[in-house]
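Every read-out reported here was derived from the displayed coordinates using simple, explicitly stated rules and does not represent laboratory data. Note that this is a predicted model, so its numbers are computed, not measured. Glycine gets a Cβ as well: all are built from the backbone with ideal geometry, and neighbour counts include every protein chain shown.
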Amino acid sequence: MKQVAPDLWQSQLCRSGILSTHAYFLERPSGNVLFYNTGDEDDLRHMSDRGGIAWQLLTHRDEAGPSQARIRDRFGCKLGCSAIETPFVAKHGKPDLEFNDGDDRIVMRRTGTRCRVSVQPVSMMSPSARRTGER
């Protein structure tokens, strides 16, 4: 894994369905978070060495796959995804948390060498951001 901020790591490139993306591992005192998915054994070993995973958050159905179940079995982590993606994610393990349209959004923002995760009420987002999911 590549360290991109003091508390943020980027996985090897993962190809799943139509997506080719990196997963991001965020270290937090209250429990580490894995954004997206990775099946790379070196990445998983690195996460294990850094305290494991408390939450895995998926944003798209093409992030779901057999490695998601392997991650849950290995780390005992909880799984979150949007409600619209649940039928696809659930094929590999039932989510513990579903985000619904109108719920607050979890925002991961990297600024310089710092990474911040926050919950942003949808009501505070601009109308165009509500449609696209961007800030």
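Per-structure values
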{"quantity": "Packing-based ranking, highest mean first, of 25-35, 40-50 given that Cβ atoms within 10 Å are counted", "calculated": "25-35, 40-50"}
{"quantity": "Local electrostatic count, Gln12, Cβ distance below 15 Å [Lys/Arg +1, Asp/Glu -1]", "calculated": "-2"}
{"quantity": "Efficiency of FRET between Val4 and Leu97 - r from beta-carbon atoms, R0 30 angstrom, step 0.05", "calculated": "0.75"}
{"quantity": "Point-to-point label distance, Arg15-Ser30, nm (Cα→Cβ direction, 7 Å offset)", "calculated": "3.8 nm"}
